[in-house]
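Novice: Below is a structure I'd like to ask you about.
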2 protein chains.
Amino acid sequence: MSRISLEERKQKVLQIVIHHYIRTGKPVGSETIIEKNKLEVSPATVRNILAALEREGYLTHPHTSSGRVPTDKGYRFYVDSLMQLQQLTQEEEQRIEKEYESQRGALDSVMQETSKMLSMLSHYTGFVLTPSPAVDHLKRLELVKLDRDRILAVLVTDAGLIRHKIMEIDQDVNSTELVSINRLLNKNVYGISVNDIGAEIFKRLQQEKNKQIKYVNIMEKLVQQAFALDEEGELYLEGASNILSQPDFADYDKVRNIFKVIDEKKMLCELLEEKVGHEGTKVIIGEETPCKELQECSIVTSTYRAGDRTLGALGIIGPKRMEYSKMIALVDYFSKLINKTLSRPAKELKREPRKK
Amino acid sequence: MSRISLEERKQKVLQIVIHHYIRTGKPVGSETIIEKNKLEVSPATVRNILAALEREGYLTHPHTSSGRVPTDKGYRFYVDSLMQLQQLTQEEEQRIEKEYESQRGALDSVMQETSKMLSMLSHYTGFVLTPSPAVDHLKRLELVKLDRDRILAVLVTDAGLIRHKIMEIDQDVNSTELVSINRLLNKNVYGISVNDIGAEIFKRLQQEKNKQIKYVNIMEKLVQQAFALDEEGELYLEGASNILSQPDFADYDKVRNIFKVIDEKKMLCELLEEKVGHEGTKVIIGEETPCKELQECSIVTSTYRAGDRTLGALGIIGPKRMEYSKMIALVDYFSKLINKTLSRPAKELKREPRKK
DNA sequence: AATTAGCACTCTAGGTAATAGAGTGCTAAT
DNA sequence: ATTAGCACTCTATTACCTAGAGTGCTAATT
């Protein structure tokens, strides 16, 4: 009587299993499937379908006499084709927006706040990877004298990142000299990516070669030390303890491994920086991750950008059995929100010369 | 035949029990005590002593037929009276010293590195609480114009902390004006604690009242925004996952609670800031902590200072069953090391006028 | 040819029982 | 005051049982 084609029904069953499993965490049996979803077929039929789905790799058995559980492939298909995207509730959106209003500070603190909120709203672990300053463009560069032999360099990037670095110098510079170096630099520095800045400064220095050797010397130091930002971006990570609340992670060894990765943020940074290239919200499910300690997890991540440059990544880490539809919506929302936030100061900047 | 007085022998037994328990984690029985320590008494005698120690509250039974385990009171007595302080091995000291050499950067990164090393060497969780900038004295203050309506204030404190804050202003200031404000401030600002700076600037401003109103306005903003450093110090915390490797924390609920506290650094900050007043290395054992989630832990902490001002705290968090003697030595060593590091730049500063 | 009823089979989770071993506490002897 | 001796208690491990959940297969049904 049902007009559903075989393939369609298969998908429906798969969808029911995954959905149910995500909610309950218990393997799903044939009877349950029928009960909850008024399918007009017998358990036996469902069992056949389940067996087929298992043969094709979308489901497994923990053991002979238990219900089905999704495999990574199953989740993947669900995320790609079966799941329908949710929207955040208005209440949630308001809550986020409100928190953002009060947080009109430096970029770093916005990012930190964002990772906290991601964690809070998802009940998983939230993270934000700030841009490696190297990728970003330079907006201001300030040199401040600390002692006889140390200068503080403060970099402000286009996106609003602020980084500082202490340089050691071997010849004294008085503050007047410093001011003119500073002025010289700021004339030459604007809008260049931090990466290219060393080369660029030297090039421009050629043209102004009538300057004193001392300056050149300082500049060299500057390039060597201040812009040798080996760092990858900062990783803000919040709500790690949420992992422990997940019944999926009852196994001690698994949890320990996950925490080891989270603890050493470096690994995660690398993993995420790979993703920074890609546009849009992505889901990494279980073994799809390059990092084997996270094979029991899924990661939902997106990127953010200012104008055309992709700057960083953000997202959540949780168990494979997560509410993907909701999480994707959440991460997506934050990604867009940050994009909006980042494009705001740029506008004000352009207004400046006119006003003056 | 043994000339040991009763009390002395009791202490010896207590010491053996705790020592052994710290090493093995297994309850200690009467036979074990004799075996390992060539005491010339019978098991029965030892049992009597154990019973007495238990009556007095230094030991307990997990259950009737198991050996003894120290109570918090037992550990406390051990730490205060029984334990003999260890020294770090030369190898360890060298390893630390070497790591420090390469890390000659800003204070924050030194602190972060320190917490990492504390964690690595202890195999527990290491932390460093940086000074609340409010406590520290101001060394330099730099204002950098970002946009038409935003100024970046960079604070450098005496100890080497660097903090920045973005201020929003409602009237335009051109860079020349900013430079003179800056100069004015730096003349007045040196050596004052960040806490008192608001009042102080206003006071001095009175004296120079022949300045423009605009300046006063900016100053006000400055005081309101840049020095409203509500923050407590930063807390660097590393090696949280080490907690999971401790067999003592096999209980899931306990661990979850501990992690919740660690995750929300705020609670820990408060706990530690209380301790900042006190001098020297302190041990907090189990229920001695004000924070009930940490009742299964012990904390070894010390403070560090520059000159006479205590600035921050550092230490480790581990299970109650920890090698106190070693841990105390470790924390102590780092405390002294940081003290030394902090007093170094001050010296160089004094050398300056002479050299010139 | 797809669906279904029926049934044997498998595996888990939970409970009970039995046993060995560790360590105590007490009593009476030294 | 110390100790030998012994009964006692509790744990940890193993083995075994049972109920229940859910499957997979075969043969009957539509």
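The values are calculated or read from the model by the stated rules, or taken from the named source; none is laboratory data. Because the structure is predicted, anything quoted here is derived from the model rather than measured. Positions of Cβ are backbone-derived with ideal geometry, glycine not excepted, and every protein chain shown enters the neighbour counts.
Novice: Somewhere in region A:41-56, is a residue surrounded by 12 or more Cβ atoms within 10 Å (Cβ to Cβ), of a type in the set (Ser, Thr, Tyr) and within 28 Å of A:Glu287 (Cα to Cα)?
Specialist: no
Novice: Here's something else I'd like to know. Here are the criteria: (1) more than 13 Å from every other protein chain (Cβ to nearest Cβ); (2) within 30 Å of B:Leu178 (Cβ to Cβ); (3) touching a strand residue (DSSP E or B) at 6+ places or on another chain (Cβ under 6 Å). Tell me which single one B:Ala134 does not satisfy.
Specialist: So B:Ala134 meets the others, but not (3).
Novice: Please specify each residue of region B:59-78 satisfying the condition of being in contact with a helix residue (DSSP H, G or I) (Cβ under 8 Å, 6 or more places away or on another chain) and either of a type in the set (Lys, Arg) or within 16 Å of DNA strand D (Cβ to nearest atom) (or both).
Specialist: B:Thr60, B:His61, B:Gly67, B:Arg68, B:Val69, B:Arg76
Novice: If you don't mind, another one. Could you pull out the residue among B:Val194, B:Val156 that is surrounded by 22 or more Cβ atoms within 10 Å (Cβ to Cβ) and either within 11 Å of another protein chain (Cβ to nearest Cβ) or modelled with pLDDT of 80 or more (or both)?
Specialist: Only one candidate passes the filter, namely B:Val156.
Novice: Let me ask something else. In region A:8-33, which residues are more than 18 Å from A:Arg47 (Cβ to Cβ) and part of a helix (DSSP H, G or I)?
Specialist: Scanning region A:8-33 gives A:Glu8, A:His19, A:Ile22, A:Arg23, A:Thr24.
Novice: Can you spot a residue in region B:69-82 that is of a type outside the set (Phe, Trp, Tyr) and touching a Pro at 6+ places or on another chain (Cβ under 7 Å)?
Specialist: Yes, because at least one residue in region B:69-82 is of a type outside the set (Phe, Trp, Tyr) and touching a Pro at 6+ places or on another chain (Cβ under 7 Å).
Novice: Between A:Glu220, A:Glu231, A:Glu273, which is within 12 Å of chain B (Cβ to nearest Cβ), modelled with pLDDT under 90 and within 30 Å of A:Val189 (Cα to Cα)?
Specialist: Exactly one of A:Glu220, A:Glu231, A:Glu273 is within 12 Å of chain B (Cβ to nearest Cβ), modelled with pLDDT under 90 and within 30 Å of A:Val189 (Cα to Cα), namely A:Glu231.
Novice: Can you tell which of A:Ser81, A:Ser115, A:Ser109 is away from DNA strand D (no atom under 16 Å from the Cβ), in a helix (DSSP H, G or I), within 14 Å of chain B (Cβ to nearest Cβ) and in contact (Cβ under 8 Å) with a residue 60 or more places away in the chain?
Specialist: A:Ser115
Novice: Is it the case that A:Arg163 is free of Cβ contacts under 8 Å to residues at least 40 places away in the same chain, within 21 Å of B:Ile151 (Cβ to Cβ), among the basic types (Lys, Arg) and outside any loop (DSSP other than H, G, I, E, B)?
Specialist: no
Novice: Considering every residue within region B:160-169, establish whether at least one is farther than 23 Å from B:Asp108 by Cβ and more than 10 Å from every other protein chain (Cβ to nearest Cβ).
Specialist: Yes, region B:160-169 has at least one match.
Novice: Would you check if A:Ile49 is outside the structural domain of A:Gly286 (by TED's automatic domain parsing), touching a Lys or Arg at 6+ places or on another chain (Cβ under 7 Å) and more than 14 Å from DNA strand D (Cβ to nearest atom)?
Specialist: No.
Novice: Can you tell me how many residues in region A:29-74 are at positive phi and either within 13 Å of DNA strand C (Cβ to nearest atom) or at pLDDT below 95 (or both)?
Specialist: 1
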